[in-house]
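Student: Sharing a structure below in C-alpha cells format, with a few things to ask.
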Amino acid sequence: MRRLIAGEFQKLFATRLWLWLLLGSMAITALYASLQIAFSDDPDTWTLPLSTADGQQTLFAAAASAASPLVAVLAAIGITGEYRHRTATTTFLATPHRDRVIAAKLITYGLTGIGYALACTAVVTAIAVPWLSAKNVDLSLAGNGLPATMAGGIAAVALYALIGVGLGALLREQVATVVGLLIYLFVIEAILTNIRALDAWTRYLPGPADNALTGITLTNQDYLRPWQGGLILTTYCVAIAAAGTYLANRRDVA
C-alpha cells in the first residue's frame, strides 16, 4: 500500500494542476475573507458581526468553502485521467486488486485535501489577524470556537477530496465528472438552498452539511449542528467512494 500511495503522489506532482488549483483555492479564500471583513459593518450582510464568535467562525470557514470544490475537482481528475489517457489498464494490471488502487487514491487525495485546507486557513489567518486588529476587533485563534472551525474545515476539504475520487470512479468520463460536479456545487445546490420552502431538506445536501461542519452561521439560512453536518458529509463520502470502488472492480477497464 505504501508503494501505491507513493506512486499516486508521483502522478499527482508530475503535473502542475495541483499547484494551480492550490493557488486558486488560496486566491478565492483571500477574496472571500477580504469581502467578509470589508462588508462586515454593512447592515444588509448575511453574516454576523466579526466581534462575535459566530462571525469569526464564519470568516475562518471561508478556507473550506474555497478549497473543497477545487480539491474535489483535482481528485476527480486524478482518477478519471487514468481512463482518459488509457493508463488505467496498466495501473490495474500492475495491481490486480483494484480496490487497493482506489484506496491508495483515496488516501493520497485525502492527504492532499488536508494540505489545501491548512494552506487556505493560513491565508485567512494572515488576512484576519492584522485587519481585525486595525478595526479594534478582538480575535483569539485559540478561542471563540475557532479551533473547532479549523478542524471542521480540514475534515470537510479532505472529505470532498474523497467524494471527488469516488465520483470519478463512478463516472470515469473526465469532462462529465468535472462539469457535473461544478454545475451541481455552484448552480444546482446554490439554487436549491436559496429556496426557503425547501429548507427542511436542503440542509442535508453536501454543501449545507459542509457549512454546518465548519460552523458557518448566516442570517438567511439555518444549518445543522457541526457534528450532524460532519456525519452527513461522511455518509455521502462513504457511499460514493464505496459505489465507485465496487464499480471499478466490476467493470471492464477499456
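The values are calculated or read from the model by the stated rules, or taken from the named source; none is laboratory data. Because the structure is a prediction, the values reported are computed rather than measured. Positions of Cβ are backbone-derived with ideal geometry, glycine not excepted, and every protein chain shown enters the neighbour counts. Accessible surface is based on the protein model in full, side chains and every heavy atom, while ligands, DNA and RNA are left aside. Shrake-Rupley method; radii C 1.70, N 1.55, O 1.52, S 1.80 Å.
Student: Can you find, among 211, 150, 175, the residue sitting farthest towards the positive end of the charge dipole of the chain, where Lys and Arg contribute +1 and Asp and Glu -1 at Cβ?
Tutor: Among 211, 150, 175, the one farthest towards the positive end of the dipole of the chain is 175.
Student: Roughly how many debye, to the nearest 20, is the charge dipole of region 108-254 about its Cα centre, given +1 on each Lys and Arg Cβ, -1 on each Asp and Glu Cβ, and no other charges?
Tutor: Approximately 120 debye in magnitude.
Student: So, one more: Starting from 0.36 nm per residue, how many nanometres of slack lie between residue 195 and residue 84 once their C-alpha separation is accounted for?
Tutor: Details: separation 111, 0.36 × 111 = 39.96 nm, distance 3.76 nm.
Gain on stretching residue 195 to residue 84: 36.2 nm.
Student: Okay, moving on. Quick one: putting +1 on the C-beta of Lys and Arg, -1 on the C-beta of Asp and Glu, what dipole do you get for region 1-135 around its Cα centre, in Debye to the nearest 20?
Tutor: Charge dipole, region 1-135, about its Cα centre: 940 debye, nearest 20.
Student: Tell me the label only: which of [x] 229; [y] 161; [z] 119 is volume of the Cα convex hull per residue in Å³ as calculated from this structure?
Tutor: [z]
Student: Between residue 20 and residue 3, what length comes free when the chain is fully extended (0.36 nm per residue of separation minus the Cα-Cα distance, one decimal in nm)?
Tutor: Length gained, residue 20 through residue 3: 3.5 nm.
Student: Still on this structure, please answer the following. Tell me, what is the per residue accessible area of the chain in Å², probe radius 1.4 Å? Provide the component values of the computation, followed by the final result.
Tutor: Numbers: 12240 Å² over 254 residues.
Here the per-residue accessible area is 48 Å².
Student: Would you be so kind as to identify which of 43, 32, 13 lies farthest towards the positive end of the dipole of region 1-44, taking Lys and Arg as +1 and Asp and Glu as -1 on Cβ and the Cα centre as origin?
Tutor: The listed residue farthest towards the positive side: 13.
Student: Please report the spacing between the Cα centers of region 160-239 and region 109-154 in Å, no decimals.
Tutor: So the two Cα centres are separated by 21 Å.
Student: Compute, for region 196-254, the length of the dipole vector about the Cα centre, with Cβ point charges of +1 (Lys, Arg) and -1 (Asp, Glu) only. Units Debye, rounded to 20.
Tutor: 100
Student: Across the chain, where is the longest run that never hits chymotrypsin sites (Phe, Trp or Tyr not before Pro) in a DSSP loop with at most 14 other C-beta atoms within 10 Å? Display every interim value, and only then the final one.
Tutor: Working: sites that count: 39, 46.
The longest uninterrupted stretch comes out as 47-254.
Student: Once label points are set 7 Å from the Cα along Cα→Cβ at both residue 187 and residue 53, what is their separation, rounded to one decimal in nm?
Tutor: Result: 4.1 nm between the two label points.
Student: Sticking with this one: Between residue 39 and residue 136, what is the FRET efficiency for a Förster distance of 22 Å, r being their Cβ-Cβ separation, to the nearest 0.05?
Tutor: Numbers: r = 17 Å, r/R0 = 0.79.
Efficiency at R0 = 22 Å is approximately 0.80.
Student: Further, regarding this structure: Out of the total accessible area of the chain (probe 1.4 Å, heavy atoms of protein only), what percent is carbon and sulfur?
Tutor: The computed percentage sits at 66.
Student: For residue 44, tell me the accessible area in Å² from a 1.4 Å probe, rounded to the nearest 10.
Tutor: Roughly 120 Å² of residue 44 is accessible to a 1.4 Å probe.
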